[in-house]
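No value in this document is a laboratory result; all are computed from the given coordinates. Keep in mind that this is a model prediction, so the values were computed, not measured. As a convention, Cβ positions derive from the backbone with ideal geometry for all residues, glycine included, and neighbour counts pool all protein chains shown.
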Amino acid sequence: MGEIVAAFATAHAPQLITRPPDEKPEQLDASIAAMAELGKILDETKPDVIIFFGSDHMESFSLTCYPTFAIVAGSRAKAKFGGKEFDHPIHREMAEDILNGLVDRGFDMAYSEDAELGHTFATPLQYIIQQRNIPIVPIFTNVYLPPLPTPKRCAALGAAIADIVKGRPEKVAILASGGMSHYPGTWKYPTPEFDFDYWMISELEAGRTESLTGMTSAQLDEAGNTELLIWINMLGAIGNLPGELIQYTPTWHHGHGFMRFLPKRERKNPPLQVKEPFGGFRFKNAGFEFYVHPPASSYALNRLLFDVRHDAALRARIIANLDDVAAEYGLDATGRKGAQALVDVGGATIVSDFAEPLVAAGAHPLQALMSLHVIFSLSHKAKKAEQPAEAKK
């Protein structure tokens with residue numbers, strides 16, 4: 001009989017790989033150290049396979065087709081981000097079994113043989129899995145492009161996967177990659193809801209998972225925590241087990257949360273105690289505010305931003321002659337005005353400052369910010385290459 005022997009949750013912030021100048025290195029190092037500690041759980045439990053719950057930041061899937069839940073059921077998991085490339089084995093037999101088993105249990109699943117994975121997967125591959133050659137099963141949940149699945153549906157998915165695991169022989173680790181509070185690409189990016197995060201950590205350390213699963217997806221959007229739907233996938237698989245906080249890093253734009261749930265051990269630190277519900281956060285309950293489906297009029301711009309993520313030649317062409325690219329993609333005047341940010345970001349100190357004109361033109365905020373980071377990386381590398389050797393140190 002199969003068994004879930006390990007379960008833990010991790011942040012996957014892209015800055016942990018790219019280390020841009022607007023981050024505090026000591027905060028990045030603290031988060032990376034927490035990920036290394038989570039990696040030791042794999043040595044402790046020696047799983048045969050890792051079920052890897054993650055999200056898509058509109059880099060694997062686009063507005064052409066965006067699934068609610070999807071499994072990569074090929075033979076290799078290929079992830080790219082920030083100049084890093086990963087080629088990791090997939091446990092294909094288990095991936096196919098989970099795919100078929102979920103459909104049998106009433107989940108309408110999408111699947112891919114070869115979807116390119118982004119930093120949701122790349123960052124934990126870099127800092128948690130590292131050189132451990134444990135095969136994975138990558139599973140996507142849509143957390144940024146409404147309509148989103150409900151927390152209860154995400155928990156049900158995890159429970160169904162746990163049921164499938166029981167019918168197999170492997171020892172399984174569950175890695176949930178996402179969270180905590182952040183609002184990438186939006187006006188609220190510099191002001192995450194850290195107090196909400198501390199409250200949620202205190203609830204999960206007490207084993208009160210219903211505090212999370214009882215929320216709505218729109219409430220998670222308000223609190224900057226739609227990525228906690230990924231944690232709910234894991235919690236659905238393991239039940240109401242108390243967790244242990246490994247590290248929480250409150251950066252200027254993002255709460256990096258790292259928690260261990262299985263295997264159980266004696267706590268190294270006392271659990272957090274936050275009594276005020278939601279950490280004092282007051283919900284407006286007015287629906288999705290930060291991440292909504294982009295208007296049809298901005299499709300061409302969002303398509304360009306998706307392609308920017310995958311096409312180095314396109315990024316170079318944008319910098320050299322944006323007008324030609326804008327004409328090729330059929331951008332209207334509003335889209336062309338917003339796309340100028342892709343050129344202007346080359347001189348950025350804070351990349352996120354350049355998201356606003358793209359969002360105003362109809363770009364999905366997350367897609368806008370991630371495209372800016374990718375194209376900034378190109379400009380940044382070019383500038384470093386032009387510097388004298390002494391200046392690069």
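Table for the structure above
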| item | result |
| --- | --- |
| Per-bin percent of Cα-Cα distances, segment 3-280 [5 Å] | 1, 6, 14, 19, 21, 19, 13, 6, 2, 0 |
| Total charge dipole magnitude, the chain, about the Cα centre, Cβ charges on Lys, Arg, Asp, Glu only, Debye to nearest 20 | 500 debye |
| Label-point gap, in nm, between Asp87 and Ser297 - each point 7 angstrom along Cα→Cβ | 4.6 nm |
| Mean Kyte hydropathy of -1.0 or more with a Cα span along the axis of at least 24 Å, helices from DSSP in the chain | 25-45, 365-386 |
| Considering only the chain, percent of DSSP beta bridges that pair antiparallel, nearest 5 | 45 percent |
| Percentage relative contact order, segment 296-386, counting C-alpha pairs under 8 Å, at least six apart | 34 percent |
| Average Cα contact separation per residue, segment 205-298, under 8 Å, 6 or more apart, as relative contact order % | 35 percent |
| Extreme residue, positive dipole direction of the chain, given options Ala73, Asn269, Ile129 (C-beta unit charges) | Asn269 |
| Peptides ranked, highest mean first, by Cβ atoms within 10 Å: ranges 228-240, 327-339, 161-173 | 228-240, 161-173, 327-339 |
| Kirkwood hydrodynamic radius of segment 173-253, Cα pairs, Å | 13.0 Å |
| For segment 296-386, convex hull of alpha carbons as volume per residue, Å³ | 78 Å³ |
| Segment 50-146: Cα Rg divided by the 2.2 N^0.38 Å rule of thumb | 1.02 |
| Partner aspartates and glutamates for Lys80 [C-alpha distance under 18 Å; skip if fewer than 8 residues away on the same chain] | Asp56, Glu59, Glu113, Asp114, Glu116, Asp307, Asp311 |
| Average projected area [Cα convex hull, segment 117-215], square nanometres | 8.4 nm² |
| Extension reserve of the Lys152-Arg19 stretch, reckoned as 0.36 nm per residue once the Cα distance is removed | 44.3 nm |
